Amino acid sequence: MTTTQDPYAAGSRETTEGRVYTVTGGDWDQTFGTDLTGEERLVVNMGPQHPSTHGVLRLILDLEGETVTKARVTIGYLHTGIEKNTEYRNWTQGTTFVTRMDYLAPLFNEAGYCMAVEKLLGIEIPQRAATIRVLVMEINRIASHLVGLATGGMELGALTAMTNGFRERELCLDLLEEITGLRMNHAYIRPGGLAQDLPPGAVESIREWLTVMPKRLAEYHKLLTGQPIWQRRLKDVGYLDVTGCVALGITGPILRAAGLPWDLRKVEPYLGYETYDFEVPTADTSDAWGRYLVRMAEMQESLKIVAQALDRLEPGPVMVEDKKVAWPAQLSLGADGMGNSLEHVQHIMAGSMESLIHHFKLVTEGFRVPAGQVYVPVESPRGELGYHVVSDGSTRPWRVHVRDPSFVNLQATAAMSEGSMIADVIAAIASIDPVMGGVDR
Amino acid sequence: MSNDGGFPTPGPDGGQQGIGGGPAGGFRRGAFGVSGSGDTSGFGGLVRVEPGGAVALHSTERPYGGYFDEVTDALIDEVGEATYAAAVQRVLVDRGELTYFVAREHLLTIVQALRDDDALRFELMSSLSGVDYLDSGGPEVEPGRPRLHVVYHLTSMTYRRRIRLEVAVTAEDPHVPSLTGIYPTADWHERETYDMFGIVFDGHPALTRILMPDDWDGFPQRKDYPLGGVPVEYHDATIPPPDTRRAYR
């Protein structure tokens, strides 16, 4: 056998396990002829480019008939080395990197990272900044669950779920764009607070959105919840009980759908979540159906939190007062777009030499963070998003490790789908709702 | 404990007390690392250690405060005084987080006790990852220095507690027992840590690369592995790749 031979070319060979066929398509009868005897064990490679794998995910499935006997998962196709990259940027720049990990929950990444940096620095952020963080995170949670629902629906053939899900998600992204300037990858939450305050008109837009969304969410119940096909595709599919979840480290809606009301916003509150009135939805079915219901209910709860956050918004700073940490970006909207405000530029260029030095030092060099390590978990739409951040006392992180819930939850694929039908593998993975950008980082 | 890697953290009073050895040579002060220059923008409250500085890492004295004492007592009860003394090399309480530095020979005993004891019940392993504490002071890496740390974050869902375990190994002998038998979730975490740091988890059922291609050379998140990158031309200027830019450490 020469090395230039294509190992995946169609053909067959004898092995100690019997005759092994390699096929990449074509007519079944032509490949096998009348040779279809004995046991039918099929190894199917699915992905990494496949419309039903919920991202750039590769599945290797052993099939007997339509029953999956073994499911193996291969990841890493979106690995971009973000953790390593943060070690070569200053602390503030880190925000722009971590926001690109779980790209459906960028604000949770930013919040987790910034809370870790703030814990290392030992600083408290202003109340208004904390409230706005909660506000944008909950809008983001709804957007993320909608994409989970939309892509999950698409993978199961419910295309209306897809078009509607992305339609409503667009409403959420419009809001986030109005608040942060960007639809995704916002870099809005910064160590010490926020990049900027809510723009004029944002509160009104959010209030209007709050009147629209409940009706839209109710439509999903009309469209999907009562629908027999949707129910039968999800019920008793991808079963994983509490014991299995905890052993495999699964958190988020999957764990709550197994009946354990474990939500970090309740059990280890941060950013003042203990002062908001909201429920932790659970289900007791431990299957994809329960996860669907939990996500639907969580969107309703997030709407409640957004409304409460709006009500308690008090005027005030959105960044710590310490000028050693606060990025000197007095942003304003000019004719050529968003940038440093003219007054600030005039002040540092013509008014105060010290301000110019300070601006230059902080922007090019950044601030120093005392040595030590912290682990800060936040409840992202997919579960526990943990930031383990190590500082050596310099202007750059020594190590940033992200415990991404998608990465951990994806380990449940085999437990959820082995022994089931091949079509149910799709439903099971859709119910995990992994985001490959977070899995591979 | 002078050479088990890691950076010193401020002592209980937040100052430099407890770092030991005094601020001779190894330390640098101020936010911007400059002193005596009239730098008005520097933040003087920070003390950092220069790479290569002789640093003794301190251990927090009891009482640790909060639930940390309860956890420690329960752990001693479960594994016994002698095993605890042999297994836990030092304990650090910093920023409200508890860290046990565990000898790898006793890791499985300690973790099993932490998971199973009624008073401990750390059911969930939240996170497992590596940190490379390679000294950035010079090209030579002192052999035999335990620069690679494996960091475990355990969560007790029953008591709503979190603790951290750390195991330090050398790059020459990077072996740590696998926790997959105790926490199945450790599977992918350990594969990733192997992939990125080359730490070998003995007893893992299939320790293969997970994020990098199977035939990749080297362990990308070690500190002596370069970030890579090429210079980029922009508006007639050449921007060097991030790891070769002027560094403000």
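The table that follows gives values for the structure above.
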| item | result |
| --- | --- |
| Any hit, region A:80-96, residues being at pLDDT 90 or above, away from chain B (no Cβ under 14 Å), buried (at least 17 other Cβ atoms within 10 Å of the Cβ) and within 28 Å of the chain's Cα centre (by Cα) | yes |
| Residues located in region B:149-172, provided they are at the interface with chain A (Cβ under 8 Å from one of its Cβ atoms) and farther than 20 Å from A:GLN373 by Cβ | B:MET157, B:ARG160 |
| A:GLU384 vs. criteria more than 10 Å from chain B (Cβ to nearest Cβ), within 18 Å of A:PRO269 (Cα to Cα) and among the acidic types (Asp, Glu) | no |
| Residue tally, condition closer than 24 Å to A:LEU149 by Cβ, within 13 Å of chain B (Cβ to nearest Cβ) and part of a loop (DSSP other than H, G, I, E, B), over region A:260-290 | 4 |
| Condition broken by A:PRO370, with the remaining ones in (1) more than 9 Å from chain B (Cβ to nearest Cβ); (2) outside any helix (DSSP H, G or I); (3) modelled with pLDDT under 90 satisfied | (1) |
| Residues (surrounded by fewer than 17 Cβ atoms within 10 Å (Cβ to Cβ), within 14 Å of another protein chain (Cβ to nearest Cβ) and in contact (Cβ under 8 Å) with a residue 24 or more places away in the chain) located in region A:53-76 | A:LYS70, A:ARG72, A:THR74 |
| All positions within region A:413-439 that are in contact with a helix residue (DSSP H, G or I) (Cβ under 8 Å, 6 or more places away or on another chain), within 14 Å of another protein chain (Cβ to nearest Cβ) and surrounded by fewer than 24 Cβ atoms within 10 Å (Cβ to Cβ) | A:THR413, A:ALA415, A:MET436 |
| Contacts under 8 angstrom Cβ, first residue in region A:190-203 being in a helix (DSSP H, G or I), partner surrounded by 19 or more Cβ atoms within 10 Å (Cβ to Cβ), 6 or more apart | A:ALA202/A:LEU175; A:ALA202/A:ILE179 |
| Members of region A:133-182 that are over 22 Å from A:LEU331 (Cα atoms), at pLDDT below 90 and among the charged types (D, E, K, R) | A:GLU155 |
| Residue satisfying condition, being under 26 Å from A:TYR113 (Cα atoms), away from chain B (no Cβ under 14 Å) and modelled with pLDDT of 90 or more, within set A:ILE254, A:ILE305 | A:ILE305 |
| Some residue of region A:408-429 being within 27 Å of the chain's Cα centre (by Cα), within 22 Å of A:ASN109 (Cβ to Cβ) and not in a helix (DSSP H, G or I) | no |
| Verdict on A:ARG396 being within 10 Å of another protein chain (Cβ to nearest Cβ), out of contact with any Pro (no Cβ under 7 Å at 6 or more places or on another chain), among the basic types (Lys, Arg) and closer than 11 Å to A:LEU120 by Cβ | no |
| Residue in region A:225-241 that is part of a helix (DSSP H, G or I), over 22 Å from A:ALA297 (Cβ atoms) and in contact (Cβ under 8 Å) with a residue 12 or more places away in the chain present | no |
| Complete set of residues in region A:151-170 that are of a type in the set (A, V, I, L, M), part of a helix (DSSP H, G or I) and out of contact with any helix residue (DSSP H, G or I) (no Cβ under 6 Å at 6 or more places or on another chain) | A:LEU159 |
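Yes/no matrix, rows are residues, columns are (1) part of a loop (DSSP other than H, G, I, E, B); (2) touching a Gly at 6+ places or on another chain (Cβ under 9 Å):
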{"position": "A:ARG295", "(1), (2)": "no, yes"}
{"position": "A:GLU298", "(1), (2)": "no, no"}
{"position": "A:TRP327", "(1), (2)": "yes, yes"}
{"position": "A:GLN346", "(1), (2)": "no, no"}
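The values are calculated or read from the model by the stated rules, or taken from the named source; none is laboratory data. These numbers were taken from a predicted model, which means no experiment stands behind them. Cβ coordinates were reconstructed from backbone atoms using ideal geometry, including for glycine residues, and neighbour counts include every protein chain displayed.
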